[in-house]
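To start, the structure under review is shown below, and the notes come after it.
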Ligand SMILES: [Mg+2]
């Protein structure tokens with residue numbers, strides 16, 4: 001039986017501000033872009049009581065919480081503390097998979113002999129993080145990644161929720177299906193039509209009906225609902241990347257057929273980069289063919305990016321070098337080579353902070369960043385499939401539309 005711990009720092013950026021300035025403790029602190037077009041990237045729990053959430057436009061946050069303390073982000077400081085926190089994690093296992101600056105999975109299956117049962121490990125990690133940095137981290141313990149992540153979320157803030165081995169399905173059963181990875185608003189609604197609102201109902205639902213309605217995703221969802229999530233914790237280099245990949249229902253071939261999906265994947269990766277406050281220079285295309293052989297094509301950009309258009313242009317060039325005429329079973333887009341620490345001015349500008357833009361990051365870049373922020377806000381409210389930057393659509397819209405329907409979310413969601 002595996003033992004997975006999910007760790008998630010509580011309101012991380014806002015907590016750092018309250019840590020460094022004791023005068024801010026107990027007050028609603030909102031970190032994000034402070035100009036008109038900025039978005040919130042973190043809100044303290046005091047601010048959340050006013051309905052302030054991350055990815056909300058700062059202007060709306062100001063309306064909801066006029067007495068809030070609005071601060072621009074300080075990424076170098078967040079990175080410094082993140083490194084200190086991850087150093088604590090690595091004392092308990094080499095199998096640490098970072099998801100962002102403030103979130104990670106630990107596989108502690110083989111740490112038990114040395115450090116005790118998984119719940120004790122989580123408790124020790126929490127107290128070491130608090131003693132070492134002054135920050136609180138919520139922990140979830142389970143036998144798979146998905147349940148561990150849900151558990152840490154349920155205990156927030158400063159929580160520790162452990163799902164005893166063998167009880168994962170029972171733990172998940174009463175929760176709404178929207179808690180499952182890969183179940184967005186559209187799928188949730190479609191499940192409700194079938195009379196399925198809880199994870200337990202989904203786990204008991206006839207698989208054949210789900211497959212008829214949702215394709216292979218239906219079987220995948222049902223397996224997750226039953227607590228069957230074999231995805232491993234992937235440490236180190238591979239995890240220092242953000243990616244999206246999809247397996248097609250039937251093999252596709254030719255650039256014409258593949259590009260819409262690659263655009264969709266570029267948009268998803270760019271959005272996750274911006275959520276994590278990261279930009280990367282290395283863009284990697286992965287192509288798996290019908291015979292299960294695989295190639296990757298890697299490009300290093302002149303500067304780090306979190307923009308779907310830049311990622312897509314690089315991927316499109318890579319595709320020409322990846323035999324797109326063959327039968328293709330899966331494509332994936334990954335960005336790595338992050339530089340959050342090295343480029344704080346660009347990060348600040350991303351959030352629309354006035355005066356933070358160095359020369360050259362005004363005009364087109366500022367407009368693009370504002371567009372991205374607006375798209376993120378829309379996607380947050382209506383689901384990712386609802387927004388596509390029109391400027392990226394270089395082909396007829398009808399060739400784009402199937403990209404949203406064909407792919408079945410792979411394991412990396
Ligand atoms: Mg967090």
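Observations on the structure shown:
- Selection count, the range 1-39, where residues are away from the ligand (no atom under 16 Å from the Cβ) and assigned to a loop (DSSP other than H, G, I, E, B): 14
- Of the residues making up the range 110-131, those that are touching a strand residue (DSSP E or B) at 6+ places or on another chain (Cβ under 8 Å) and more than 16 Å from the ligand (Cβ to nearest atom) are 118, 119, 121, 123.
- Within the range 319-345, considering residues that are modelled with pLDDT under 95 and in a helix (DSSP H, G or I), the one farthest from the chain's Cα centre (by Cα): 345
- Among the candidates 43, 55, residue that is at pLDDT 95 or above, within 15 Å of the ligand (Cβ to nearest atom), over 22 Å from residue 84 (Cβ atoms) and under 19 Å from the mean Cα position of the chain (by Cα): 43
The values are calculated or read from the model by the stated rules, or taken from the named source; none is laboratory data. Model, not experiment: these values are computed from the prediction. Here Cβ is always computed from backbone atoms with ideal geometry, including for glycine, and neighbour counts include all displayed protein chains.
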